[in-house]
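The values are calculated or read from the model by the stated rules, or taken from the named source; none is laboratory data. Only a predicted model underlies this, so the values are computations on that prediction, with no experimental measurement involved. Cβ atoms come from the backbone with ideal geometry, glycine included; neighbour counts cover every protein chain shown.
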């Protein structure tokens, strides 16, 4: 149990509000600070991103362990898509970001607030560089919690959109406590132990034993593949699985809303994965980020992310066969 947030597990469920949870933020940030000291990170942005997601995970792990979290005030819906609504709990990551940034660690810039569908400015340290843009997915996989689905993750991405530069990103899987850190040209993979106080670096060897395994969201399923996917997910946890090779491909035929597509797509590219649309065309993620500054921007993007080029072409080729010959589809996929 995470010592600094342990008391959350004993709080009566009907009193588990955002105001109550904010009292755990300082302890979570202190634990994150200690953990990041053991990570091999070179940049200010890289260390900031890791602290952000580790602190968020410290809080969320305690909350999602509650068997009836869906009854708590912090799980209340606040709007958004019917099949994937925003919830009060999504505020945790944004609050932690602003508390961490109160020390003006990053250059000033903009943070995207999903619930309000808008960018908000934040102050930062003086810098001769461009303003930064920050995208946060506090709790990817929120909607599955009430049915016991375990594919939750937390992520942050920091970019310099004016210069088309990726600065840093971090994704922590709340399923197996694995942390991915991404800096330009540098990738770290860590297994976070109980309490997030000890970090053991993992030398990830990408397995190619079964790159036929695929993942997609059940609610976004179309008749593009035979039978159910091997994993019903699309997001941070799925990206972890594709990176380590336990999944060959993760895709969304219906399309990811832009603020999620740009995170998984751009970070996937930085991880060395193959990323494209269904015609194998790349996306200009920085242009999408610039376009998102427009009022009421709501674009969605079909997306395919694979462990390597071979798995990517294999999936797209098989997909074309399924599309052209739907009556000849068998249950055997990607042989």
Please find, among 100, 63, the residue that is free of Cβ contacts under 8 Å to residues at least 60 places away in the same chain and in contact with a helix residue (DSSP H, G or I) (Cβ under 8 Å, 6 or more places away or on another chain).
63
Return the pairs, sorted by first residue and then second, in which the second residue is at pLDDT 90 or above and surrounded by 21 or more Cβ atoms within 10 Å (Cβ to Cβ), the first residue lies in region 209-221 and is in a helix (DSSP H, G or I), the beta carbons are less than 7 Å apart, and the residues are 6+ apart or on different chains.
220/252
Among the residues of region 227-244, is there at least one that is at positive phi, in the same structural domain as residue 54 (by TED's automatic domain parsing) and modelled with pLDDT of 90 or more?
no
Check every one of the helices (runs of 4 or more DSSP H) wholly within region 1-119 and list those with 1 or more residues that are exposed (fewer than 15 other Cβ atoms within 10 Å of the Cβ) and out of contact with any strand residue (DSSP E or B) (no Cβ under 6 Å at 6 or more places or on another chain).
18-21, 25-36, 91-101
Among the residues of region 115-135, is there at least one that is assigned by TED's automatic domain parsing to the domain that holds residue 32, under 30 Å from residue 230 (Cβ atoms) and at pLDDT 95 or above?
yes
Is one or more of the residues making up region 158-166 free of Cβ contacts under 8 Å to residues at least 24 places away in the same chain, assigned by TED's automatic domain parsing to the domain that holds residue 73, part of a loop (DSSP other than H, G, I, E, B) and surrounded by fewer than 24 Cβ atoms within 10 Å (Cβ to Cβ)?
no
Name the residue, out of 80, 108, that is under 17 Å from residue 139 (Cβ atoms) and either free of Cβ contacts under 8 Å to residues at least 24 places away in the same chain or out of contact with any helix residue (DSSP H, G or I) (no Cβ under 6 Å at 6 or more places or on another chain) (or both).
80
Answer with yes or no whether residue 186 is at pLDDT 90 or above, surrounded by fewer than 13 Cβ atoms within 10 Å (Cβ to Cβ) and in the same structural domain as residue 57 (by TED's automatic domain parsing).
no
